[in-house]
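Undergrad: Before I ask anything, let me first share the structure, which is written out below as C-alpha cells.
Values in this text are rule-based calculations from the coordinates and carry no lab data. Only a predicted model underlies this, so the values are computations on that prediction, with no experimental measurement involved. When we count neighbours, we look across all protein chains shown, and the Cβ atoms used for this are built from the backbone with ideal geometry, even at glycine.
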Amino acid sequence: MAKKRTRSKTRKAHSSSFFEQFSSKVIAATGSSWAFMIALGLIIIWGISGPIFGYSDTWQLVINTSTTIITFLMVFLIQKAQNKDSKSIQLKLNELIAASLEASNRLIDVEDLTEEELDTLHKYYSKLADEIKKKIEIKESHSIDEAMERVRKKMEPKS
C-alpha cells in the first residue's frame, strides 16, 4: 500500500511539472519574434480575406473569438510566469538580506506588509537615498577588483 501512495505522489509531482514545463515553453514561444510575425501574418491574411467573405459577421466572429480565447488563456499563463519570477526574486533578495551582516532582517518578509507599512518604509529609504546622493557621486561604483575579492572571500574554506 505504501508503494501506491508513492506512485500517486510521483504522478501528482509529474503532472504539476508538466504544466510548469508547458507554461514555460508557451511563454517563451509567445514572447519570441517568430510568434509576433506569425500573429501579424494571420491578421494580414484575415484582413485580406475580408472581401472574399464579404466582410460577413462570421468573418468578423472568427477573429474576435480567436483573439478572445487566446487572450483569456494567455492571461493565466503570464500570471503564472510572473508569480514564479516574483517568488524567485523575493527568495534571492531574502537570501541576500539573510547573508549580509549589515542588512536588517526585518526586511526579509517585506512582501507580507500592508500597503501603509510599505509606504512608511519607502519614505524612510527615499530619505536615506537622498542623503547618500548628497555624499557620493552617482557615477562612482564598486570596482571589478572589489567584487572579485568578495567572491574569493566567499569561496575560501571556513575554519
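Undergrad: Across the stretch 28-38, in residue order, what do the Karplus-derived ³J(HN,Hα) couplings come to in whole Hz, using 6.51 cos²θ - 1.76 cosθ + 1.60 with θ = phi - 60° and x for Gly and Pro?
TA: Couplings: 5, 5, 6, x, 8, 5, 4, 5, 4, 5, 5 Hz.
Undergrad: In nm, to one decimal, how far is the modelled label at Asp145 from the one at Thr30, with both set 7 Å along Cα→Cβ?
TA: The two pseudo-label positions are separated by 5.0 nm.
Undergrad: For the stretch 2-112, what's the relative contact order in percent, using C-alpha pairs closer than 8 Å and at least 6 residues apart? Let's see the in-between values first.
TA: On the way: 25 pairs, mean separation 23.9, N = 111.
Relative contact order here is 22 percent.
Undergrad: Mind checking the log10 I(q)/I(0) for the stretch 2-112 at q = 0.13, 0.19, 0.21 Å⁻¹? Debye, one equal scatterer per Cα, no solvent, two decimals.
TA: -0.79, -1.04, -1.11
Undergrad: Of the listed peptides 120-128, 23-31, what is their order by residue-averaged count of other C-beta atoms within 10 Å, with the highest listed first?
TA: The densest-packed peptide leads the list: 23-31, 120-128.
Undergrad: For the stretch 71-136, which semi-axes, largest first and in whole Å, follow from the square roots of 5 times the eigenvalues of its Cα gyration tensor?
TA: Output for the stretch 71-136: semi-axes of 30, 16, 13 Å.
Undergrad: Fewest first, what order do Lys158, Lys80 take by the number of other Cβ atoms within 10 Å?
TA: So the residues, fewest neighbours to most, are Lys158, Lys80.
Undergrad: Go through Lys84/Lys123; Lys80/Lys123; Lys87/Lys133; Lys25/Lys92; Lys84/Lys154; Lys92/Lys154 and tell me which ones have a Cα-Cα distance over 25 Å in this structure.
TA: Lys84/Lys123; Lys80/Lys123; Lys87/Lys133; Lys84/Lys154
Undergrad: Something else: So for the chain, taking the charge dipole from beta-carbon charges (+1 Lys/Arg, -1 Asp/Glu), which of Phe18, Ser100, Thr71 sits furthest toward the positive end?
TA: Most positive-ward Cα: Phe18.
Undergrad: Based solely on its DSSP helices, what 222 nm [θ] is calculated for the chain when runs of n ≥ 4 H residues each add -39,500 (n - 2.57) and the sum is averaged over all residues, nearest 500 deg cm²/dmol?
TA: -27000 deg cm²/dmol
Undergrad: Here's something else I'd like to know. About its Cα centre, how strong a charge dipole does the chain have in debye, to the nearest 20, once Lys and Arg get +1 and Asp and Glu get -1 at the Cβ?
TA: So the dipole magnitude of the chain works out to roughly 1260 debye.
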